[in-house]
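Enquirer: Quick one: this structure, given as structure tokens, is what I'll be asking you about.
The values are calculated or read from the model by the stated rules, or taken from the named source; none is laboratory data. Just so it is clear, the model here is predicted, and its values are computed rather than measured. Note that each Cβ is placed from the backbone with ideal geometry, even for glycine, and that neighbours are counted across all protein chains shown. Protein only, heavy atoms only, side chains kept; ligands, DNA and RNA dropped before computing areas. Shrake-Rupley method; radii C 1.70, N 1.55, O 1.52, S 1.80 Å.
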Amino acid sequence: MSDATEANGPAGAGAGGRHVRVVLVDDHRMFRTGVQAEIGQTATTGVEVVGEAADVDQAVTVITATRPEVVLLDVHLPGGGGVEVLRRCAALMADAEQPVRFLALSVSDAAEDVIGVIRGGARGYVTKTITGTDLVDSIFRVQEGDAVFSPRLAGFVLDAFASTDAPPVDEDLDRLTQREREVLRLIARGYAYKEIAKQLFISVKTVESHVSAVLRKLQLSNRHELTRWATARRLV
């Protein structure tokens, strides 16, 4: 299957007669394949996967063409991330007759990622540790207009929207890409490079490249300094 596809399989209903059309947006083909296998048995789950995309431009194209009811959206994507997809699909989300709703599905449980996509218009945020059964249930809840969050993530959103003060700008942190922040956070938590690679579905060499970039941008010398820097900013 290509990175950007449209599928026109027969529409069916799962148990209970439920049916929802879904687009998967994630830059890892193996993960998309796994999700498709887990939830895409329409006759059983009621979930019909009508398209896939691996980056921002592909996502906008496929979502516009298929007009799914729910989009499973990764936070970290080439071309601007999930927030950019939400920005470019704002009109589709606002459609009163056939709204496209977004459910973030990410490995990250960072408050900044959660708050960013919720502010962008996503209806919920779940992490990739979620079970297939719970993911199907979350998709249908989002289709119905509910807000859905993995345990403890809802607290980030409540705290953010309860505060009337704008978050302080951290110029050093703003120099980092979303992926670099994710690697930084895992380094600070004590993860080894191999563990980070497995967690983020990337190679060890890519992890090393991200760490080198973070050290250069922050003008730090080693992972111990990185850990102290992240801890001081409460990123751990």
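Enquirer: It is to be established whether one or more residues within the stretch 124-137 are modelled with pLDDT under 90 and assigned to a helix (DSSP H, G or I).
Expert: no
Enquirer: Which condition number in (1) of a type in the set (A, V, I, L, M, F, W, C); (2) at pLDDT 90 or above; (3) under 24 Å from residue 132 (Cβ atoms); (4) surrounded by 14 or more Cβ atoms within 10 Å (Cβ to Cβ) is the one that residue 89 fails?
Expert: Result: residue 89 passes all but (3).
Enquirer: Next question. Find all pairs meeting these conditions: Cβ atoms under 9 angstrom apart; at least six residues apart or on different chains; first residue within the stretch 40-55 and under 28 Å from residue 79 (Cα atoms) and free of Cβ contacts under 8 Å to residues at least 12 places away in the same chain; second residue among the small types (Gly, Ala, Ser) and crowded, with 19+ Cβ neighbours inside 10 Å.
Expert: Going by the 9 Å Cβ cut-off, there are no qualifying pairs.
Enquirer: Follow-up question, since we're still on this one. Please determine whether any residue of the stretch 18-27 is in contact (Cβ under 8 Å) with a residue 24 or more places away in the chain, open to solvent by 60 Å² or more (accessible area, probe 1.4 Å) and not hydrophobic (A, V, I, L, M, F, W, C). Spell out how you get there, then give the answer.
Expert: Going through the stretch 18-27, the residues in contact (Cβ under 8 Å) with a residue 24 or more places away in the chain turn out to be 18-27.
Still in the running and open to solvent by 60 Å² or more (accessible area, probe 1.4 Å): 18, 21.
Within this subset, residues satisfying the condition of being not hydrophobic (A, V, I, L, M, F, W, C) are 18, 21.
The answer is yes; a qualifying residue exists.
Enquirer: Additional query: Exactly one condition in (1) within 25 Å of residue 32 (Cα to Cα); (2) among the aliphatic types (A, V, I, L, M); (3) in contact with a Ser or Thr (Cβ under 8 Å, 6 or more places away or on another chain) is false for residue 215; which is it?
Expert: Exception for residue 215: condition (1).
Enquirer: Restricting the search to the stretch 131-151, which residues are of a type in the set (Ser, Thr, Tyr) and either closer than 11 Å to residue 70 by Cβ or touching a Ser or Thr at 6+ places or on another chain (Cβ under 6 Å) (or both)? Give the steps one after another, and end with the answer.
Expert: Applying the first criterion (of a type in the set (Ser, Thr, Tyr)) to the stretch 131-151 yields 131, 133, 138, 150.
Selection gives 138, 150.
Enquirer: From the set of residues in the stretch 194-203 that are in a helix (DSSP H, G or I) and within 18 Å of residue 108 (Cβ to Cβ), which is modelled with the lowest pLDDT? Show your work before the answer.
Expert: Applying the first criterion (in a helix (DSSP H, G or I)) to the stretch 194-203 yields 194-200.
Those still in the list that are within 18 Å of residue 108 (Cβ to Cβ) too: 195-200.
Details: 195: 89, 196: 90, 197: 90, 198: 88, 199: 84, 200: 87.
My answer is 199.
Enquirer: Considering only the stretch 68-104, how many residues are touching a residue at least 40 places away in the same chain (Cβ under 8 Å) and either farther than 21 Å from residue 28 by Cα or more than 16 Å from the chain's Cα centre (by Cα) (or both)?
Expert: So the answer is 3.
Enquirer: State yes or no: is residue 67 at pLDDT 95 or above and either touching a Gly at 6+ places or on another chain (Cβ under 6 Å) or of a type in the set (Lys, Arg) (or both)?
Expert: Working: at pLDDT 95 or above: yes; either touching a Gly at 6+ places or on another chain (Cβ under 6 Å) or of a type in the set (Lys, Arg) (or both): yes.
So residue 67 passes the test.
Enquirer: Being among the β-branched types (Val, Ile, Thr), open to solvent by less than 30 Å² (accessible area, probe 1.4 Å), assigned to a helix (DSSP H, G or I) and modelled with pLDDT under 85 is the requirement here; does residue 157 meet it? Spell out the reasoning first.
Expert: Numbers: among the β-branched types (Val, Ile, Thr): yes; open to solvent by less than 30 Å² (accessible area, probe 1.4 Å): yes; assigned to a helix (DSSP H, G or I): yes; modelled with pLDDT under 85: yes.
Yes: the conditions hold for residue 157.
Enquirer: If the requirement is being open to solvent by 10 Å² or more (accessible area, probe 1.4 Å), out of contact with any Cys (no Cβ under 9 Å at 6 or more places or on another chain), at positive phi and at pLDDT below 95, which of these qualifies: 12, 40, 34, 80?
Expert: Numbers: 12 fails: at positive phi; 40 fails: at positive phi; 34 fails: at positive phi.
Just a single option satisfies the conditions, and that option is 80.
Enquirer: Filter the stretch 204-236 down to residues that are assigned to a helix (DSSP H, G or I) and surrounded by 14 or more Cβ atoms within 10 Å (Cβ to Cβ), then give me how many there are. Reasoning before the result, please.
Expert: Going through the stretch 204-236, the residues assigned to a helix (DSSP H, G or I) turn out to be 204-218, 223-232.
Keeping just the survivors that are surrounded by 14 or more Cβ atoms within 10 Å (Cβ to Cβ) gives 204, 206-211, 213-215, 217-218, 223, 226-227, 229-230.
Residues that pass the stated criteria total 17.
Enquirer: Restricting the first residue to the stretch 139-161 and requiring it to be closer than 19 Å to residue 24 by Cα and hydrophobic (A, V, I, L, M, F, W, C), which pairs with a second residue that is modelled with pLDDT of 90 or more and surrounded by fewer than 18 Cβ atoms within 10 Å (Cβ to Cβ) meet a Cβ separation below 7 Å and a spacing of at least six or different chains?
Expert: Every condition considered, the pairs that remain are 148/141.
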